[in-house]
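For reference, the structure discussed in these notes is given below.
The values are calculated or read from the model by the stated rules, or taken from the named source; none is laboratory data. Keep in mind that what you see is a predicted model, and the values were worked out from it rather than measured. Backbone-built Cβ (ideal geometry, glycine too); neighbour counts: all protein chains shown.
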Amino acid sequence: MDKSLSYITGSLQYLTPEIVIAITLALIVTVDLIMNKNKKLLPWISIAGLIIAGYFVLQQFNLNVFASKGNGSAGMIAVDAFGAFFKGLVITATFFVVLFSLSSSEIKAALDRHGEYYTLIYGMVLGMFVLISAADLILIYLSLELLSLSSYVLTGFTKKSLRNSEASMKYLIYGSVSSGIMLFGISLIYGLTGSTNLYEINSLIQAPQFDSVIFVIAGLLIFVGMGYKISAAPFHFWTPDVYEGAPITITAYLSVASKAAGFALLIRFIKITFIKSIDDNGYWQLINIIDWKTFFAIISILTMTLGNFAALWQDNLKRMLAYSSIAHAGYLLLGLAVLSNTGLTAILIYFAVYAFMNLGAFFIVMLIANKTGNEDIDDYKGLGYSIPFLGTCLAIFLISLTGLPPTAGFVGKLYIFTALIDGKMFTLAVIAVINSVVSLYYYIRVLRNLFLTRPDVPREGFNTSVADIVVVLLLVTPILFFGIYFTPLVNFAKASINILGF
């Protein structure tokens, strides 16, 4: 007992970011209770907590340790460069979403519930942090539930909106079903192996007498929970309705941070549980139980094709960006389908870029919705001339989402396609290029309305605050900078692919 307690105490140093997030969450609740009428401090406390947590995350890039142990010799939480990368993405997305909230008319209208709002955001952050590092199926499920429960409430945060309540209810129903299916898969694996630790499961399933049929079913059931979180088809049904109905700040957050945590979980699950070795060229040799290469190839084609073609018919910009987000999940799955370190590097590059361009697009949509009161694409006619700065920046974000040079979106897709070609997956590369061409149509539709279509009646512009301009510049600058000089981003991604144990 004393030895176990000593080990846990010694492991706390590796859980510093999670501890900081938990303390900040408690501080937000306390300040909200003490200063019931004054909510101005809450976003700044949130930002301060993120900065401190970010400092400790940076220190984890050079670590490769277990933070705590399970019943066996392997650890429940892996602290490594891979996890630090995705935690950094979560912190970045959360930082910008807090800034978005300061300008959101939807969030301002619920001033009396700002304490709950920032508390729930931090609940999501804590869930995502643990999810990203979890190496045990029980811990994975618990952290996924913490993330999901917080996001369900935040989706329905604006009580007065009917579509907001509908989105929250749909999200809860879909989430509960996928969570139950995933838990059933976990129970099957525990029944087969007697363990929930991914490292121990990896050793056990390599035994020649292992019953692989039930394990295949269990693995696919677990993927349902992960596929739901990353909006992969056919588990994407919740995404358009939830993205359209939720407050724009939460929509942006779900599209980046929650998706990043889901992908980090999926990659860690595959690479730890099923890997047998890594060859000299960086390709993963997996245990021959599930043909993950073919499976991910099919899911990625289905996801990006459905996302892109469904987006063609959307008139609501939030809904269009929701289908766009589904399509981008398909592109990211292409990198995983390669099953190599090159493909993993491409995923990290793509995610770093995707975070900025997607957050930027949603932020400008939010600023315009604050003034116009809606998000219909047809209402963007002539806005490029009325608000030239926001119109130009939105154009840059959409061009980057398409993957055209000289934006960073081109770099992200370039490395995905390069990984596919290196892996001799030429058919997938061609399908991905065709999908990118299809996506150009619905992005160009917005640009056409902004700059090439005159409104039926003259439109007046609106002033953008200095703070909002600074936020937009913070988001658009990396898109342009890394579109021209992307070597630092590539080197950073290559240094972040190391997953503990492999």
How about the range 93-112: which of its residues are more than 30 Å from Leu139 (Cα to Cα) and in a helix (DSSP H, G or I)?
Leu99, Phe100, Ser101, Leu102, Ser103, Ser105, Glu106, Ile107, Lys108, Leu111, Asp112
Which of the residues that make up the range 320-341 are assigned to a helix (DSSP H, G or I), crowded, with 23+ Cβ neighbours inside 10 Å and either more than 17 Å from the chain's Cα centre (by Cα) or charged (D, E, K, R) (or both)?
Met320, Ala337
Among residues of the range 358-402, those that are in a loop (DSSP other than H, G, I, E, B) and within 21 Å of Ile250 (Cβ to Cβ), counted
3
What tally of residues in the range 267-311 results from selecting those that are farther than 18 Å from Thr342 by Cβ, at pLDDT below 90 and of a type in the set (A, V, I, L, M)?
3
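Out of Leu480, Leu473, report the one residue that is closer than 26 Å to Val98 by Cα, exposed (fewer than 13 other Cβ atoms within 10 Å of the Cβ) and either out of contact with any Pro (no Cβ under 7 Å at 6 or more places or on another chain) or at pLDDT 90 or above (or both).
Numbers: Leu480 fails: exposed (fewer than 13 other Cβ atoms within 10 Å of the Cβ).
Answer to the check: Leu473.
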For Arg448, the lone unmet condition from (1) under 24 Å from Ala297 (Cα atoms); (2) out of contact with any Gly (no Cβ under 7 Å at 6 or more places or on another chain) is (1)
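Which members of the range 216-232 meet the condition of being among the small types (Gly, Ala, Ser) and either farther than 30 Å from Ser104 by Cβ or assigned to a helix (DSSP H, G or I) (or both)? Full working, then the answer.
We begin by selecting, within the range 216-232, every residue among the small types (Gly, Ala, Ser); these are 218-219, 225, 227, 231-232.
Passing the criteria: Ala218, Gly219, Gly225, Gly227.
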Quick check: is even one residue across the range 175-193 buried (at least 19 other Cβ atoms within 10 Å of the Cβ) and either among the aromatic types (Phe, Trp, Tyr) or not in a helix (DSSP H, G or I) (or both)?
no
Looking at (1) part of a helix (DSSP H, G or I); (2) at pLDDT 85 or above; (3) hydroxyl-bearing (Ser, Thr, Tyr), find the lone condition where Ser168 falls short.
(2)
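Going through Gly245, Gly227 one at a time, which residue ends up being surrounded by 21 or more Cβ atoms within 10 Å (Cβ to Cβ), touching a residue at least 40 places away in the same chain (Cβ under 8 Å) and more than 21 Å from Leu144 (Cβ to Cβ)?
Working: Gly227 fails: more than 21 Å from Leu144 (Cβ to Cβ).
Sole residue among the options that is surrounded by 21 or more Cβ atoms within 10 Å (Cβ to Cβ), touching a residue at least 40 places away in the same chain (Cβ under 8 Å) and more than 21 Å from Leu144 (Cβ to Cβ): Gly245.
Select from the range 129-173 the residues that are aromatic (Phe, Trp, Tyr) and buried (at least 23 other Cβ atoms within 10 Å of the Cβ) and write down the one among them that is farthest from Val242 (Cα to Cα). Explain how you work it out, then say what you get.
Applying the first criterion (aromatic (Phe, Trp, Tyr)) to the range 129-173 yields 129, 141, 152, 157, 171.
Going one step further and asking which of them are buried (at least 23 other Cβ atoms within 10 Å of the Cβ), we end up with 129, 171.
Working: Phe129: 23, Tyr171: 6 Å.
Checking each candidate, the answer is Phe129.
The rows are residues; the columns are (1) over 30 Å from Ser104 (Cβ atoms); (2) under 25 Å from the mean Cα position of the chain (by Cα).
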| position | (1), (2) |
| --- | --- |
| Phe363 | no, yes |
| Ile387 | no, no |
| Thr407 | no, yes |
| Lys413 | yes, yes |
| Thr418 | yes, yes |
| Val446 | no, yes |
| Leu450 | no, no |
What is the residue count in the range 345-378 for residues that are surrounded by 23 or more Cβ atoms within 10 Å (Cβ to Cβ), within 27 Å of Asp422 (Cβ to Cβ) and among the aromatic types (Phe, Trp, Tyr)?
3
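Before we move on, is Ile444 closer than 19 Å to Phe351 by Cβ and assigned to a helix (DSSP H, G or I)?
Working: closer than 19 Å to Phe351 by Cβ: no; assigned to a helix (DSSP H, G or I): yes.
So Ile444 does not fit the description; no.
Would you pick out the residues in the range 270-307 that are within 14 Å of Gly330 (Cβ to Cβ) and either surrounded by fewer than 21 Cβ atoms within 10 Å (Cβ to Cβ) or in contact with a Gly (Cβ under 8 Å, 6 or more places away or on another chain) (or both)? Before the answer, list the steps.
As a first pass, look at the range 270-307 and keep what is within 14 Å of Gly330 (Cβ to Cβ): 295-307.
Scanning the range 270-307 gives Phe295, Ile298, Ile299, Ser300, Ile301, Leu302, Thr303, Met304, Thr305, Leu306, Gly307.
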